[in-house]
Amino acid sequence: MKIGVMGGTFDPIHLGHLAVAEEAHQLLGLSEVRFMPAGHPYFKEAAAISPSADRVNMVNLAIAGKPYFKVSLLEVKRSGPSSAVDSMATMKKELGDGDELYFIMGWDSLMTLHLWFEAARLIRICRIVAAPRPGYPKPDVSQLEKDLPGIGARAVVMDKPLVDISAGSIRQRVRQGLPIDGLVMEEVADYIKEKKLYQNPQR
Ligand code: ATP
C-alpha cells in the first residue's frame with residue numbers, strides 16, 4: 001500500500017489542501033491520503049491556533065464522502081510538540097514491510113525541509129511529494145541536495161495543481177467579514193460561521 005500523509009495546521013483546511021491531496025492520490029496511485037492536523041505545530045509554536053477539536057472537525061467535514069481521504073489524530077492526541085519525523089516513524093511501525101509512506105507538502109515547505117527536525121531521517125522513512133504554491137519557485141532538487149543529501153531520489157516534485165489559497169488569507173477574510181466561498185468546502189464555511197472562528201485580530 002502507498003499511503004500519503006499531509007501534515008499541516010489546517011486552520012482551516014481549504015480547497016488548496018484538497019486539490020493537492022487529490023493530485024498526489026491520482027498521480028502516485030495512493031490508496032489513501034491522511035490529513036494529519038498538528039497538535040502543537042513546530043514552526044507556529046508561538047502563534048495562537050484554533051483548538052485541535054475545531055481543526056479536526058473541519059477536516060472531517062471537508063473529506064466526508066471521499067473514502068480515500070482520512071484524518072490522522074496522531075499529532076493532536078500527543079501532548080506537547082510533535083515533529084513530522086516522529087509521527088511518520090510511528091505510522092511506519094504500524095504499516096507492513098511493503099507499505100510506503102509519502103509525505104505531501106507544498107513547494108514552500110520542500111524549500112525549507114532541510115531545516116526540519118531530523119530531516120535526513122524523515123526522508124529515509126518516507127518519500128516527499130511537493131505541489132506548486134503560487135509565489136514560490138519550483139524547487140531545484142539538485143540545489144536542495146546540498147542541504148539535504150538524498151532528497152533528489154526521495155522527492156516527487158509535482159507541476160500541478162496550482163491553487164492560490166492559504167489558510168492565513170481565509171482567516172483574514174473572515175475577520176474582515178468577506179465571503180470565503182470557493183476557498184473552503186461549504187460545510188467548512190458554515191462551521192467557521194457557526195463557531196465564530198477567526199474573529200481574533202491577532203492572527
Ligand atoms: P497558513 O496560511 O496558516 O500558513 P497554509 O494554507 O499554508 O496555512 P498549512 O496547514 O500550514 O496551510 O499547510 C499544510 C501543508 O499544505 C503545507 O505543506 C503547505 O505547503 C501545503 N499547502 C497549503 N496550501 C497550499 C496550496 N494552496 N497549494 C499547495 N500546497 C499548499
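Structural remarks
- Residue-normalised accessible area of the chain, given per residue in Å² at a 1.4 Å probe: 49
- Distance between modelled label sites at Gln176 and Leu162, nm, 7 Å Cα→Cβ extension: 2.3
- For Val184, the residues whose amide H sits under 5 Å from its own are Leu15, ignoring neighbours fewer than 5 places away on the same chain, with H placed 1.01 Å from N.
- Extent of the stretch 120-186 along its three principal axes (Cα atoms, max minus min coordinate, largest first): 46, 22, 19 Å.
- With both labels modelled 7 Å from their Cα along Cα-to-Cβ, the Leu95 to Glu32 distance reads 1.2 nm.
- Relative to the longest principal axis of the Cα atoms of the chain, the long axis of helix 15-28 makes an angle of roughly 30 degrees.
- For a label point 7 Å along the Cα-to-beta-carbon line of Tyr136, residues of the stretch 73-99 with backbone N under 17 Å: 84-85
- With 32 Å as the limit on Cα-Cα distance, the pairs of Lys77/Lys196; Lys66/Lys92; Lys92/Lys146; Lys2/Lys195; Lys138/Lys196; Lys92/Lys160 that go past it are Lys2/Lys195; Lys138/Lys196.
- Using a probe radius of 1.4 angstrom, the carbon and sulfur fraction of the accessible surface of the stretch 2-168 is 54%.
- Gyration tensor verdict on the chain (Cα atoms; rounded if a/c is under 1.5, prolate if a/b is larger than b/c, oblate otherwise): prolate
The values are calculated or read from the model by the stated rules, or taken from the named source; none is laboratory data. The structure presented is a predicted model; accordingly, all values stated were derived computationally and were not measured. Virtual Cβ from ideal backbone geometry, glycine too; neighbours counted across all protein chains shown. Note: accessible area is taken over every heavy atom of the protein model, side chains too, but ligands, DNA and RNA are not part of it. Shrake-Rupley method; radii C 1.70, N 1.55, O 1.52, S 1.80 Å.
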